[in-house]
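Read the structure below first, then the notes.
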Amino acid sequence: MTVNKITAKQMARKIIDKESLFLLDVRNSSNYDDWKIEGHHFHYLNVPYFDLLDGVEEILPKLPRDQDIVVVCAKEGSSIMVAEMLVEAGLTHVFSFEGGMKAWSEHLEPVKIGDLSDGGELIQFVRMGKGCLSYMVISQGEAAIIDPTRMTDVYIDYANESGVTIKHVLDTHLHADHISGGRQIAEKTGAAYWLPPKDAEEVTYDYYQLEEGQPITVGTSAIDMHALYTPGHTIGSTSFIVDEKFLMTGDILFIDSIGRSDLAGKAEDWVADLRQSLYSRYRALSDDLLVLPAHFMIIDELNEDGSVSERLGTLFRHNHGLNIHDEQQFRALVTDNLPPQPNAYQEIRLTNMGKQQPDADEQREMEIGPNRCAVRS
Amino acid sequence: MQAVQVLDAKGLACPMPIVKTKKAMKELASGEVLEVHTTDQGAKADLSAWAKSGGHELMKVEEENGVLKFWLKKA
């Protein structure tokens, strides 16, 4: 028997389109509680597959008859088994989620953010399952990629299909929540890999030093893309202004939250830097810049088209993290009651420094789980 | 903690390690111990959650060269 499937791409579309769906998640409860597929109108039932080996009769009354049911597990083995049992029990509209949470963690959905003044465009790659955002600036046959994930083929294929050459790859900072694909893309394409030197003191490879004011040229008409030093999440954290229209904030400023400063182990030391970056450096920029962060935390941060962006002026009005006038209160927000740290964040940092070389499966395991780069209040 | 049976589930993907463990446990008498070998990393959390829900005791877990070993005492 073959079971109908839903792919990660179809799932991403359903989330963006705010469709209603019933998810039967058959992973063990601790994994489910830690991390699941989030949708605006999703309903959930979590029953581990090992409690269903003798049959699905017990859960049948809890399943809808008039709604699509998607069975989800870690890698799909169990969701196929459970979906088959449900079909045998007479249910229709049952699907197995292809590739499981492993595929969900790795899916990237490209969304166009806007046009550039010379006819180029800016694309955001939304990693729905993990909340990571990366970017491709395309102009006059050339491309720059910012904060790429380790799914490097997605960017390289996208550039090939668009008929552009990848010239630059940049990381806004040394990431602690996901493994950067930056070096690998640079190696595969001959592009230059840029990293803020203050985050790169321990790296084992060669890179181009990304310093404040550094212009990066994409295309013949030199899309103005310059670096702005905004420490706080890490000591090297750097933002980019592209075409005087877009502000890439890395992990310093998000739509509904701000960056945390403890992942490199220095929350206390870097609070003042974080405040300075957010309350002075960003404050001095144009309200009309469109903020493009490196992460989102909750799906409410998605726009209608699935993109994640907001005008800087709007964030200064509505983002709570930008509106704490008392310095002590701000310090408390970013040093007390921090959320749990991302899975394997130390190993991920070492990997991004080039000090560890985990294989593909190990990299996948290290990245399992939700993104936790922000503090919200 | 002498196991009366060793179940080799190496190389099998989820859900097979637990399907086989469940089957093997059925043949055991209460208090007897089953030793399970698997290479499925996901089995670590799943086997302990499964044992708990069935009242079995997960006595020991070891990892050696990528092989996970479990000792389960039947309820």
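The values are calculated or read from the model by the stated rules, or taken from the named source; none is laboratory data. Since we're looking at a predicted model, the values are computed, not measured. Please note: Cβ atoms are built from the backbone with ideal geometry, for glycine as well, and neighbour counts cover all protein chains shown.
Some points to look at:
- So A:Gly236, is it at pLDDT 95 or above, within 30 Å of A:Arg260 (Cβ to Cβ), surrounded by 15 or more Cβ atoms within 10 Å (Cβ to Cβ) and in contact with a Pro (Cβ under 6 Å, 6 or more places away or on another chain): no
- Of the residues screened, A:Ile179 is one that is within 30 Å of A:Ser261 (Cβ to Cβ) and of a type in the set (Val, Ile, Thr).
- Scanning the range B:15-41 for residues being within 14 Å of another protein chain (Cβ to nearest Cβ), in a loop (DSSP other than H, G, I, E, B) and farther than 17 Å from B:Val61 by Cβ gives a total of 1.
- Whichever residue in the range A:322-359 is within 14 Å of chain B (Cβ to nearest Cβ) and modelled with pLDDT under 90 and, among such residues, is surrounded by the fewest Cβ atoms within 10 Å (Cβ to Cβ): A:Asn343
- Candidates A:Glu301, A:Glu310, filtered to the one that is under 20 Å from A:Pro370 (Cβ atoms) and at pLDDT 90 or above: A:Glu301
- Test: B:Ala9 is of a type in the set (Gly, Ala, Ser) and in contact with a helix residue (DSSP H, G or I) (Cβ under 6 Å, 6 or more places away or on another chain): yes
Here is a yes/no grid of residues against (1) hydrophobic (A, V, I, L, M, F, W, C); (2) touching a Ser or Thr at 6+ places or on another chain (Cβ under 9 Å):
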position	(1), (2)
B:Met1	yes, no
B:Val4	yes, no
B:Leu12	yes, yes
B:Met25	yes, no
B:Val33	yes, no
B:Thr38	no, yes
B:Lys52	no, no
B:Glu57	no, no
B:Glu64	no, no
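- Summed over the range A:317-373, the residues that are under 20 Å from A:Asp177 (Cα atoms) and of a type in the set (A, V, I, L, M) give a count of 9.
- Only one of A:Glu106, A:Glu58 that is touching a helix residue (DSSP H, G or I) at 6+ places or on another chain (Cβ under 8 Å) and acidic (Asp, Glu): A:Glu106
- A:Phe50 being outside the structural domain of A:Ser134 (by TED's automatic domain parsing) and in contact with a strand residue (DSSP E or B) (Cβ under 7 Å, 6 or more places away or on another chain): no
- Members of the range A:172-196 found to be without any contact (Cβ under 8 Å) to a residue 40 or more places away in the chain and of a type outside the set (A, V, I, L, M), listed by number: A:Gly181, A:Gly182, A:Gln184, A:Glu187, A:Lys188, A:Thr189, A:Gly190, A:Tyr193, A:Trp194
- Selection count, the range A:33-49, where residues are modelled with pLDDT of 95 or more and within 14 Å of another protein chain (Cβ to nearest Cβ): 4
- Counted residues, the range B:20-36 - those being surrounded by fewer than 17 Cβ atoms within 10 Å (Cβ to Cβ), of a type outside the set (S, T, N, Q) and on the phi < 0 side of the Ramachandran plot: 7
- Wholly within the range A:1-118, helices (runs of 4 or more DSSP H) carrying at least 2 residues that are farther than 18 Å from B:Val19 by Cβ: A:8-16, A:29-34, A:100-106
- The residues of the range A:50-102 that are at positive phi and either within 14 Å of another protein chain (Cβ to nearest Cβ) or in contact (Cβ under 8 Å) with a residue 60 or more places away in the chain (or both), listed by number, are A:Gly55, A:Glu76, A:Gly99, A:Gly100.
- Scope the range B:1-42; condition touching a Phe, Trp or Tyr at 6+ places or on another chain (Cβ under 8 Å) and charged (D, E, K, R); matching residues: B:Lys22, B:Glu35
- Put simply, of B:Gly11, B:Gly54, B:Gly66 the only residue that is under 19 Å from A:Val47 (Cα atoms) and either within 14 Å of another protein chain (Cβ to nearest Cβ) or buried (at least 20 other Cβ atoms within 10 Å of the Cβ) (or both) is B:Gly54.
- Pick from the range A:267-302, criterion without any contact (Cβ under 8 Å) to a residue 12 or more places away in the chain and in a helix (DSSP H, G or I), ranking: nearest to A:Pro342 (Cα to Cα): A:Asp269
- Number of the exception - A:Phe95 against (1) touching a Pro at 6+ places or on another chain (Cβ under 9 Å); (2) among the aromatic types (Phe, Trp, Tyr); (3) not assigned by TED's automatic domain parsing to the domain that holds A:Leu210: (1)
- Subset of the range A:145-189 (residues that are modelled with pLDDT of 95 or more and acidic (Asp, Glu)): A:Asp147, A:Asp153, A:Asp157, A:Glu161, A:Asp171, A:Glu187
- For the range A:138-176, a residue qualifies if it is assigned to a loop (DSSP other than H, G, I, E, B) and not hydrophobic (A, V, I, L, M, F, W, C), and the qualifying residues are A:Gln140, A:Gly141, A:Asp147, A:Pro148, A:Thr149, A:Arg150, A:Gly163, A:Asp171, A:Thr172, A:His173, A:His175.
- Contact map, the range A:243-265: first residue under 20 Å from A:Asp287 (Cα atoms) and modelled with pLDDT under 95, second residue surrounded by fewer than 20 Cβ atoms within 10 Å (Cβ to Cβ) and among the basic types (Lys, Arg), Cβ cut-off under 6 Å, separation 6 or more or different chains; pairs are A:Ser257/A:Arg376.
- Flag: A:Ser30 matches the condition of being free of Cβ contacts under 8 Å to residues at least 40 places away in the same chain and within 13 Å of chain B (Cβ to nearest Cβ).
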